[in-house]
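Following: one structure in structure tokens, then a few remarks.
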């Protein structure tokens, strides 16, 4: 996939998957091992028109110290912005 800025390509290694409920992946540079940061989306139906979406970023296993500053900069606000973009696409 191309990142939002469009100047970098990443491979996403799927490590968890439950159809319509959960997907988690470890991104990496093409052809490289993932450095250890995990992204996850979990979906929980609430009723016919609503779904609770949980977006998680876990960098506790990140091994590349060059990525620590960016990992620390990933805030709950930035994760919420991703959920908001997903909601806009789904509506």
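The values are calculated or read from the model by the stated rules, or taken from the named source; none is laboratory data. The structure presented is a predicted model; accordingly, all values stated were derived computationally and were not measured. For neighbour counting, all protein chains shown are included, and Cβ atoms are generated from backbone atoms with ideal geometry for every residue, glycine included.
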State yes or no: is residue 54 surrounded by 11 or more Cβ atoms within 10 Å (Cβ to Cβ) and either closer than 18 Å to residue 40 by Cβ or touching a residue at least 24 places away in the same chain (Cβ under 8 Å) (or both)? yes
Number of positions in the stretch 62-91 that are under 15 Å from the mean Cα position of the chain (by Cα) and within 30 Å of residue 32 (Cα to Cα): 17
Of all residues in the stretch 32-45, which are in contact with a strand residue (DSSP E or B) (Cβ under 7 Å, 6 or more places away or on another chain) and either free of Cβ contacts under 8 Å to residues at least 12 places away in the same chain or exposed (fewer than 11 other Cβ atoms within 10 Å of the Cβ) (or both)? 45
Filter the stretch 2-31 down to residues that are outside any strand (DSSP E or B) and surrounded by 10 or more Cβ atoms within 10 Å (Cβ to Cβ) and give me whichever is modelled with the highest pLDDT. 21
Would you check which residues across the stretch 46-91 are out of contact with any strand residue (DSSP E or B) (no Cβ under 8 Å at 6 or more places or on another chain) and assigned to a strand (DSSP E or B) and list them? 47, 50
